[in-house]
Amino acid sequence: MRIGFQGATPRLFGHRGAAGVAPENTLPSFRRALADGVDVFELDVHATRDGEVVVLHDPTLERTTDGAGPVSALTFAELSRLDAGHRFSADGGRTFPFRGQRVRVPRLADLLLEFPEVPLNIEIKSEGSAIVAAVVRMVRAARAPIVLAAEHDAIMHAIRAAAPEVPTSLATGEVAAFIGALQAGESPPLPEGAVALQIPPSFGDVTLVSAASVAAAHALGAEIHVWTINDPAEARRLLDLGCDGIMTDVPHVVRPTIAERRAANRVVT
């Protein structure tokens, strides 16, 4: 079995850094997340036209930068001229405190260089053997634990084929198969070497995170990490079910709940 994250649980994940208080997936966002006490950085990657792996969620640039069009259409030099803080506002669009502050779309290599000891949860967002190979090379050279994620099953299959030793989470189809088996009263499947289900509490009218799904994951040696939880009361409810990690945009808000639960776990043990 592949080994994922180590250390005390529940884990606090900084979703795209600290996306609620700084421009998501940028170095200022990850710096803020680290200052706010996260255990793991959660982030997303795409590839530029010239093959650089960059930290960005969307395949296009409009939502988070002052640019437009697909990430894949630009070289990294062209991308690096854009303002990745241009769109960020924490007050509903009244102010834009990061505009013009030289916030850029970082490369994955930049993140690894600045935060070599911080565990990472990296979701590969775009298909293609080149980006998978590039990410795998960096993962293998990294000092901190890294778990690779992918929404699409085809990308996840490519990751596992390229790097069977690298721990992964479940892709969308794999989650559906896991929950479907539970609902049918069958033993749920866990892909070889997968270490976590990373899921929202529910999808449509289907509950994904329940005492049963947590127990089933734990019985198979996997963790459950839940996204994106910004309310301490909701985080507490999920931790009561036994969840192993909370992904949040506001680590400073959720951190006290995580600390409280860890303290309680120490008392019990």
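The values are calculated or read from the model by the stated rules, or taken from the named source; none is laboratory data. None of the values given here were measured: they were computed from a predicted structure. Don't worry about glycine lacking a Cβ; one is built from the backbone with ideal geometry, like all the others, and counts go over all protein chains shown. Side chains included, ligands, DNA and RNA excluded: accessible areas come from the protein's heavy atoms. Shrake-Rupley method; radii C 1.70, N 1.55, O 1.52, S 1.80 Å.
Scanning segment 150-169 for residues that are open to solvent by 10 Å² or more (accessible area, probe 1.4 Å) and outside any helix (DSSP H, G or I), we see that the one that is nearest to Val40 (Cα to Cα) is Pro167. Determine whether Ala211 is of a type in the set (A, V, I, L, M), modelled with pLDDT of 95 or more, surrounded by fewer than 20 Cβ atoms within 10 Å (Cβ to Cβ) and closer than 17 Å to Ile122 by Cβ. Answer is no for this residue.
Taking (1) touching a residue at least 12 places away in the same chain (Cβ under 8 Å); (2) touching a Pro at 6+ places or on another chain (Cβ under 8 Å); (3) open to solvent by 30 Å² or more (accessible area, probe 1.4 Å) in turn, Ser80 satisfies each apart from (2).
Got a sec? Which of Val206, Val226, Val254 is farther than 29 Å from Ala90 by Cβ and of a type in the set (Val, Ile, Thr)?
Details: Val226 fails: farther than 29 Å from Ala90 by Cβ; Val254 fails: farther than 29 Å from Ala90 by Cβ.
So the residue among Val206, Val226, Val254 that is farther than 29 Å from Ala90 by Cβ and of a type in the set (Val, Ile, Thr) is Val206.
Number of residues in segment 11-38 that are touching a Leu at 6+ places or on another chain (Cβ under 9 Å), in a loop (DSSP other than H, G, I, E, B) and surrounded by fewer than 24 Cβ atoms within 10 Å (Cβ to Cβ) equals 2. When the residues of segment 48-105 are narrowed to those that are assigned to a loop (DSSP other than H, G, I, E, B), small (Gly, Ala, Ser) and farther than 15 Å from Ser29 by Cα, which ends up farthest from the chain's Cα centre (by Cα)? Only one residue fits best here, namely Gly100.
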